[in-house]
1. When you check A189 against the structure, is it under 24 Å from S151 (Cβ atoms), in contact with an Asp or Glu (Cβ under 9 Å, 6 or more places away or on another chain), in the same structural domain as A123 (by TED's automatic domain parsing) and surrounded by 18 or more Cβ atoms within 10 Å (Cβ to Cβ), yes or no?
2. Looking at the range 397-411, which of its residues are charged (D, E, K, R) and under 9 Å from D460 (Cβ atoms)?
3. Can you name the residue in the range 325-353 that is part of a loop (DSSP other than H, G, I, E, B) and acidic (D, E) and, of all such residues, is modelled with the highest pLDDT?
4. Determine the pairs where a residue that is over 14 Å from S105 (Cβ atoms), located within the range 348-359, has a partner that is at pLDDT 95 or above and not in a helix (DSSP H, G or I) with Cβ atoms under 7 Å apart, the partner being 6 or more residues away or on another chain.
5. Tally time: how many residues in the range 354-398 are part of a loop (DSSP other than H, G, I, E, B) and touching a helix residue (DSSP H, G or I) at 6+ places or on another chain (Cβ under 6 Å)?
6. Does P361 fit the bill of being closer than 30 Å to D461 by Cβ, at pLDDT 95 or above and touching an Asp or Glu at 6+ places or on another chain (Cβ under 7 Å)?
7. Which is surrounded by 20 or more Cβ atoms within 10 Å (Cβ to Cβ) and among the charged types (D, E, K, R), of D350, D400?
8. Among the residues of the range 204-217, are any modelled with pLDDT under 95 and touching a Ser or Thr at 6+ places or on another chain (Cβ under 6 Å)?
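The values are calculated or read from the model by the stated rules, or taken from the named source; none is laboratory data. Small disclaimer: the values here were computed from a predicted structure and weren't measured. Using ideal geometry, Cβ is built from the backbone for each residue, glycine included, and neighbour counts are taken over all protein chains shown.
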Amino acid sequence: MGEHFFAVLSTTESFVTKTLPIHYKVHSLGGRLLMPMAALLLVCICAWWAASNVGLAAAEESITASYTTGAPLVQIRRQENRFLLYRGAEPYYVKGVGGDRFLESAVAAGANSVRTWGPQNAATILERARSHDMTVLLGIWLSHDADSYRSADYKRHKIAEVQEVLAQCKDHPALLMWSVGNEINLDGADTPEAWRFVNELARMIKAQDPNHPVISVVSFNDKVFDNIARYAPDLDAVGINAYGSLPKVRATIERSAYNGPYLITEWGSDGHWEVTQTSWGSPIEPTSAQKAELFRRRYMEDILANQDRCLGSYVFLWGQKQERTPTWYSMFIEEIPGVVLQKVACPQVDVMGYSWSGIWPANRAPEVTAMTINGRAANGGITLAPGEQLVAAVAARDPDADPLTFVWELLQKPTGLSTGGGYEPRPERIGQVAQGSRPLLHLSAPQAAGVYRLFVYVLDDNGHVGTANIPFQVGNYQYQAHEEVVTPPAPTPQG
């Protein structure tokens with residue numbers, strides 16, 4: 001308010017002295033006093049007029065911008081029977097990517113926002129997003145251990161951490177929303193104490209930063225929304241991570257006590273815990289073409305169709321990671337050890353570009369629809385003898401008739417499996433990578449009994465890839481997948 005008042009005085013003074021110069025002759029002491037008083041009265045009248053207009057402008061500006069920074073004000077508004085997210089004066093529907101890799105490709109596809117899970121490198125990510133005219137859903141990581149929320153030390157340290165992040169990031173123009181916690185309900189922290197602390201953090205953040213909404217992200221289940229409604233009412237919205245269960249989200253929310261808006265903060269094809277498994281416990285991964293079709297259908301039917309309460313989504317994962325396999329959640333392939341490879345895009349990227357913009361890319365990824373070993377698909381339960389000869393075949397085509405290259409890789413069973421998307425080491429490779437122009441591979445099964453997975457990467461010459469893999473066992477190996485916490489290596493800087 002104060003800075004606008006002084007701006008009015010300055011503007012009015014300039015208006016009076018430059019636009020309406022007052023000329024008078026001084027004949028007496030009374031004239032010396034009267035004329036300046038008249039001039040002062042005119043200044044006051046003009047000041048009042050200008051202040052009224054500036055005040056109206058300021059009221060409008062308060063809807064669209066922060067006074068102190070010029071950053072757009074982000075609000076969730078309820079209009080009749082729907083919720084809308086506004087950034088500045090315009091509605092802002094989130095077309096987001098999970099992860100901060102390849103932002104140029106994201107913008108080209110039609111994305112407008114990036115999601116992080118924690119505040120590491122927040123300032124750098126915000127600035128990178130700003131340079132691409134994107135926004136950031138900025139994550140604040142919280143413990144998944146219910147005991148943490150009964151610990152005064154944990155809560156004190158977390159509050160101090162959040163205060164530091166707030167001071168650093170709250171005025172950045174690329175900030176869209178704060179996300180307090182990710183899937184704390186997944187490992188047992190779906191408790192009153194945990195949600196009360198989430199609510200405490202939300203209130204603290206909003207007191208210091210009233211310009212950005214605060215949400216918390218949950219792993220989808222039937223009970224969590226009632227707890228949020230009861231114990232964390234100060235959240236502005238809820239973020240939901242859902243894969244195969246995405247079609248159930250809206251109906252579940254409708255049955256709950258929670259009556260606010262939501263975002264889908266992770267989604268994609270079916271998760272590894274949701275698919276058919278072999279008799280020995282290996283999950284069967286969809287081909288990249290099958291994933292692409294799931295992406296297309298779920299975005300249309302389960303996200304766009306619910307815009308009255310769903311403020312948008314963040315597709316997972318705009319990059320590559322090892323989680324059960326190197327390809328399951330990866331929308332790009334950045335690395336095939338032993339193969340010189342720049343990042344290549346999977347068909348899910350094409351589908352999201354079409355879903356966001358309504359336009360298919362000029363050149364599209366190869367379509368990989370099926371894979372077999374000795375004529376049998378993965379759900380047939382493939383068991384081989386040590387050293388047995390096998391023939392792997394893949395069904396693939398390129399929509400643009402580009403020439404295709406087939407890269408084959410055999411990996412051991414994964415070890416050190418994580419929960420909730422934690423770090424997993426890439427499985428060991430057996431033998432060397434095979435590469436050729438035919439959709440067939442002849443090889444011998446390993447001599448050692450065990451569980452293996454054969455991968456194929458189908459590359460065109462325009463920066464695209466289709467993928468498939470098939471698990472098999474050698475001998476009657478009894479494999480039990482185990483989950484544990486694995487310490488990741490030191491991160492490498494991202495360009």
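1. Here the answer is yes, as A189 does meet what is asked.
2. D398, D400, D402
3. E334
4. Filtered contacts from the range 348-359: Y354/W360.
5. 4
6. Details: closer than 30 Å to D461 by Cβ: yes; at pLDDT 95 or above: yes; touching an Asp or Glu at 6+ places or on another chain (Cβ under 7 Å): yes.
Yes.
7. Of D350, D400, the one residue that is surrounded by 20 or more Cβ atoms within 10 Å (Cβ to Cβ) and among the charged types (D, E, K, R) is D350.
8. Of the range 204-217, the ones modelled with pLDDT under 95 are none.
No, the range 204-217 contains no residue that is modelled with pLDDT under 95 and touching a Ser or Thr at 6+ places or on another chain (Cβ under 6 Å).
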